[in-house]
1. Tell me which residues, restricted to the stretch 375-391, are more than 16 Å from the ligand (Cβ to nearest atom) and within 30 Å of L89 (Cα to Cα).
2. Please pick out the residue among G379, G398 that is modelled with pLDDT under 95, surrounded by 18 or more Cβ atoms within 10 Å (Cβ to Cβ) and not hydroxyl-bearing (S, T, Y).
3. Could you list, in sequence order, the residues of the stretch 100-119 that are free of Cβ contacts under 8 Å to residues at least 60 places away in the same chain and buried (at least 17 other Cβ atoms within 10 Å of the Cβ)?
4. For the stretch 91-197, which fully contained helices (runs of 4 or more DSSP H) count at least 1 residues that are modelled with pLDDT under 95 and within 15 Å of the ligand (Cβ to nearest atom)?
5. Run E340 past the list (1) of a type in the set (D, E); (2) in contact with a Gly (Cβ under 7 Å, 6 or more places away or on another chain); (3) more than 16 Å from the ligand (Cβ to nearest atom) and report the number of the one that doesn't hold.
6. Which number in (1) more than 30 Å from I143 (Cβ to Cβ); (2) buried (at least 17 other Cβ atoms within 10 Å of the Cβ) marks the one condition that P270 misses?
7. May I ask you to verify whether D254 is free of Cβ contacts under 8 Å to residues at least 60 places away in the same chain and either charged (D, E, K, R) or on the phi > 0 side of the Ramachandran plot (or both)?
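The values are calculated or read from the model by the stated rules, or taken from the named source; none is laboratory data. Keep in mind that what you see is a predicted model, and the values were worked out from it rather than measured. A quick note on method: Cβ atoms are made from the backbone with ideal geometry, for glycine too, and the neighbour counts reach across all protein chains shown.
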Amino acid sequence: MSVASHTVPSLASLDHTHAAHARSWVDSGAGHGDFPLQNLPLGVMEIDGTPRVVVAIGEHMVDLPAARDHQALGGLTPATVAALGQPDLNAWMALSAAERTALRHAVFALLSADSDFARRPAPVRDAVVRPRDEGRSVLPARIGDYTDFYAGIHHATNAGRFFRPDMPLLPNYKHVPIGYHGRSSTIEISGSPVHRPQGQVRPQSDAPPVFQHSRKLDFELELAIWISGGNPRGQPIAMDQAETAIAGFGLLNDWSARDIQAWEYQPLGPFLAKNFLSTVSPWVVTSDAMAPFRAMPMARGADDPQPLPYLQGAQGSGLGLDIALEVTLSTEAMRARGLEPQRLSRTNAAFLWWTPAQLLAHHTSGGCALRPGDLFGTGTISGERPDSLGSLLELTQGGRHALTLASGEERLFLQAGDELRITGRCERKGFQPIGLGVCSGRVLD
Ligand code: CA
């Protein structure tokens, strides 16, 4: 789903690394749907049992410590050079925005078609640029703290309707970014198994609760926002600095047990219904790579409140994101019959009521300290249409209307063997499209 009318360029941050005509000497990068030369996302891959900081290019990866050792990256500060040798991206996230941009430029120079490095001896090239299937993706960062927001306004309205039919969108929603502090200990990398949680539920409102496996296991389609620069406690990050404190973006599935949620969520919000697992995609698509795909913030209506001054900078609410998002489901029966995964939903990050800068400015406004490697979830992103909803709770109207799949099977919530895949793609006229990769998980029960 393209929301082209919402899209604006952020010309100030565009440079030669965004040029649509730029090509890499690494053949698999040419026209790659997710990782062409213009993307250059960072991740961590375990190679021969050791986690290493890498950059994806097509079906290959640049082993950054190897590139450093072969003097293939120029113009880096000592802190950047040191960050490349770490087993995670926390030190890279702690760099300044200028240092992170300089690294992008160095990797771009290494990979571009006219690179001197392309003429180095083959053994050197092969030590630095390797097939990605020689490694295994692991979590990109040691996640210190995880906060899940609720910034998808259509989801907030739809979900609110199921839990509170009389007042779907609470009166605070358009004034204050809503979120809660989640667990970082149970955030795992895409592909990790999904075990159905047990918990306390109350199936009948006139009967006592019982402890059982969740029967309403659901997904939530969200974006991940990786935090870079931290702030000392008591020193908020203002709107105009907020973007420099964002390292990049990914995909997030906030697996949810709706029956546990319905019983436990009042008065303090989600707890065990959401702390059994959240899954993130492996690649941190940098703020630099996303520059061409920023969008105007969601339009506010004439009756909607304007954000309070601390949520507006010199450029108002900051920039939103134009990322086309999709989620597919494949069941065990579908795979056995060779059926393609079925698309459940197509939506767009443009349906976030609050911009990333507003989420960050709000989070720190009371004095809360963020640290490099912290993670935000945006909240479930749904569109307005029935085929653009970001959870089964919404797609089945609260578990009342089953989805019929291509296999003839029906689903209200997830069953054993079900595999969810979230993907994200950025397109804008005049620019090379890029993707965010995949965030997947299979329910094993
Ligand atoms: Ca969520």
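1. Scanning the stretch 375-391 gives no hits.
2. Result of the check over G379, G398: G398.
3. A102, L103, A106, A109, L110, F117
4. Working: elements: 97-111, 122-128, 153-163.
The helices (runs of 4 or more DSSP H) meeting that bar are 153-163.
5. (2)
6. For P270, the failing item is (1).
7. Criteria not met by D254.
Quick grid of which residues meet (1) over 30 Å from G313 (Cβ atoms); (2) over 17 Å from the mean Cα position of the chain (by Cα); (3) free of Cβ contacts under 8 Å to residues at least 60 places away in the same chain:
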residue: L360; (1), (2), (3): no, no, no
residue: A369; (1), (2), (3): no, yes, no
residue: P372; (1), (2), (3): no, no, no
residue: S391; (1), (2), (3): yes, no, no
residue: L403; (1), (2), (3): yes, yes, yes
residue: A406; (1), (2), (3): yes, yes, no
residue: F413; (1), (2), (3): yes, yes, no
